1. Over all pairs of distinct alpha carbons, what does the Kirkwood formula give as the hydrodynamic radius of the stretch 53-181, in Å?
2. Calculate, in nm to one decimal, what residue 74 and residue 191 gain on full extension: separation in residues at 0.36 nm each, minus their alpha carbon distance.
3. Show me, bin by bin at 10 Å from 0, the whole-percent P(r) of the stretch 1-98 based on Cα pairs.
4. Please state the shape class of the stretch 139-182: rounded when a/c is under 1.5, otherwise prolate if a/b exceeds b/c and oblate if not, all from the C-alpha gyration tensor.
5. Taking the Cβ of each residue in 96, 281 as the centre, tally the other Cβ atoms inside 10 Å and list the residues starting with the fewest.
6. Give, as ranges by residue number, the residues of the stretch 147-189 whose backbone N falls under 14 Å from the point 7 Å along Cα→Cβ of residue 108.
7. How much length is gained if the chain between residue 96 and residue 53 is pulled fully straight, taking 0.36 nm per residue apart and subtracting their Cα-Cα distance, in nm to one decimal?
8. Tell me what the chain gives for mean residue ellipticity at 222 nm when only DSSP H runs of n ≥ 4 count, each as -39,500 (n - 2.57), the sum divided by the residue total, rounded to 500 deg cm²/dmol.
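FYI, it's all coordinate maths here, none of it is from the lab. Remember, it's a predicted structure, so these values are computed and weren't measured experimentally. Here Cβ is always computed from backbone atoms with ideal geometry, including for glycine, and neighbour counts include all displayed protein chains.
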Ligand code: TYM
């Protein structure tokens, strides 16, 4: 079985529809066909200002949500990044093989450092830690959204560079980005992506949002001029985004949806979509609460995951330490 790996940051109280449609549903699909490693990227979460009490709570809620959407600990190894010490250890080695200019070109760093008053070195080396996350597990496929494409290119370059200098050490991973859902847009401003830091409350739907709140947000989503329900990302970015969400959550194709709503107005379309999204999110929120009510089970799953992850990651780290002249880690 090929290996798949991905991570998500616990930087908000809930994951949003962009996370789900762009990445998480692929995590769930791929655990049936791949040897899957999924983790909560708490080391990455401290690259911006954070509150320690909130972080530990959000990490829990993140794990509960991943289980609630269908990540199955029988099939996947689910763990917390900070519980596997090989991640920062490999990251250091990779930092010493990353060009300063190469890291400085990362657009996510440029965007985030422009927004934050306090830019840390950790924010700068963030993509190198991400490279360590992936390369430690010999991952072939990394399911992510479009915004991670540049980071994945860097990971591939680092793997190739290391292999060329030291001999075959790392598997070169491929970004698994589904074109149709790679970017889910902000409902209030469809020219932007839906994002936990950049979107207004009206622009973002959280998986844990309450049903009526979801309905309201869908009904007030920006649509475009004209009245046709048609997929056209240039002329109708708002409607196209809603069609993408509708198709993804309902399993109906966009073409079928266009036919179904032919001659109907935005009102009917949004009313139905509001129900689809609310019906999709409600059981996720319910299951998340159930997992949170049973912290012992949650901890057991995460500790079991960290143990398995440690076994794989430390074997890779040994290989790397040996290659760069450190001998075995003690
Ligand atoms: P994060 O936590 O920001 O986002 C988690 C996943 O959600 C995707 N995503 C979206 N997809 C489509 N439309 C959107 N509007 C949208 N917003 C977010 C992201 O692309 C991501 O796949 N750097 C990663 C975390 C990470 C990681 C890794 C991922 C750390 N190490 C190793 C893969 C492998 C991140 O910031 O994700």
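1. Answer for the stretch 53-181: a Kirkwood hydrodynamic radius of 16.2 Å.
2. 38.2 nm
3. Using 10 Å bins, I get a P(r) of 15, 44, 33, 8 for the stretch 1-98.
4. Note, shape of the stretch 139-182 comes out prolate.
5. Taking fewest neighbouring Cβ atoms as first place, the list is 96, 281.
6. Residues passing the 14 Å test: 147-156, 175-177, 183.
7. Details: separation 43, 0.36 × 43 = 15.48 nm, distance 3.27 nm.
Here the answer is 12.2 nm.
8. Working: 13 runs with 172 residues, N = 330.
Using -39500 (n - 2.57) per qualifying helix, the result is -16500 deg cm²/dmol.
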